[in-house]
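The values are calculated or read from the model by the stated rules, or taken from the named source; none is laboratory data. What you see is a predicted model; the values in this text were computed from it and never measured. Heads up, the Cβs are rebuilt from the backbone with ideal geometry, glycines too, and the neighbour counts pull from every protein chain shown. Ligands, DNA and RNA are stripped out before the accessible areas are found, and what is left, the full protein with its side chains, is counted by its heavy atoms. Shrake-Rupley method; radii C 1.70, N 1.55, O 1.52, S 1.80 Å.
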Amino acid sequence: MIALAERSSALVCVHLDHCEDLSYAVRALDMGFTGVMFDGSALPYETNVERSCRMASLCRDYQAGLECEIGSMGSREAGEKDEGGTVEESGAVYTNPDQAAEFVKVTGLDILACSFGTVHGIYKGEPHLNFDVLSDIRALAKVPLVMHGGSGVSDEDYARAIDAGIRKINYYTYGAKYAGEAVCALADRRRSAKPGAVVYWHDMTRTAYDTLRDTFEHVVTVFANGALPMA
Ligand code: 13P
């Protein structure tokens with residue numbers, strides 16, 4: 001990834017997601033990562049502040065960017081639990097805007113991951129995003145905000161979230177889901193045309209890759225139309 005980023009003509013950041021450990025961040029930064037997310041959201045607030053400050057000092061030494069989180073998205077990461085569910089079902093806790101402002105000030109982070117209704121993984125129902133909470137966080141914290149659990153959200157909600165202060169969107173689960181569905185559909189098509197037909201690995205990977213590329217082209221266009229600015 002680092003070699004690809006170096007060759008890219010686009011401005012690219014290679015970012016370590018959901019890091020909970022200083023020594024793990026050091027490994028990534030030594031390798032050439034240009035950004036780290038420290039996830040202390042499950043810790044008591046004071047401990048999150050203390051560890052985020054230590055991470056901020058480390059990132060300054062490497063001239064890398066730092067993302068931290070307060071509030072909770074419920075399930076930690078896609079794959080750890082099967083379903084993110086709604087905010088109530090997943091146990092997510094909205095970020096408190098006043099606490100977010102204080103957190104940003106004391107830690108010196110660059111971008112803030114906040115909870116306003118998105119959850120990691122597959123949504124059990126329609127996501128219900130709270131744009132008032134998001135706007136309040138942006139107004140008080142005054143830093144670019146990050147949407148975790150960003151896949152599975154409607155195009156309209158991406159535009160509204162960007163309007164309210166989101167500047168980075170974490171997107172994986174639904175891209176991987178659509179690619180998996182496309183591979184299954186390919187196998188179904190081949191086998192209904194010819195019972196027992198062989199479905200080759202190279203056809204599956206090609207289909208998965210094409211679907212992933214189409215999905216990411218679509219969402220990046222949506223994000224760009226929402227005029228996702230850099231700061
Ligand atoms: P999704 O589960 O919606 O892809 O979100 C991924 C994420 O936020 C990783 O940090």
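Please grab the % of Cα pairs in the chain that end up more than 29 Å from each other.
Tail fraction, whole percent: 32.
Taking the simple approach of a point 7 Å from Cα along Cα-to-Cβ for both Asp210 and Asn130, what is their distance in nm?
Calculated label separation equals 4.4 nm.
How big is the convex hull of the Cα atoms of region 141-183, per residue, in Å³?
Dividing the Cα hull volume of region 141-183 by its residues yields 57 Å³.
Find the accessible area per residue for the chain; the probe is 1.4 Å, ligands and nucleic acids are left out, and the unit is Å².
54 Å²
Rounded, prolate or oblate: pick one for region 155-231, where a ≥ b ≥ c are the square roots of the eigenvalues of its C-alpha gyration tensor, a/c under 1.5 means rounded, and failing that, prolate if a/b is larger than b/c, else oblate.
It comes out prolate by the Cα gyration axes.
Out of the DSSP beta bridges found with both residues in the chain, what percent are antiparallel (nearest 5)?
So the antiparallel bridges amount to about 5 percent of the total.
If contacts are Cα pairs under 8 angstrom and at least 6 residues apart, what is the relative contact order of the chain in percent?
Relative contact order comes out at 13 percent.
With r defined as the distance between the Cβ atoms of Glu181 and Glu20 and R0 fixed at 30 Å, what FRET efficiency is calculated, to the nearest 0.05?
0.40
Sort Tyr158, Tyr209 by heavy-atom solvent-accessible area, probe 1.4 angstrom, most to least.
Tyr209, Tyr158
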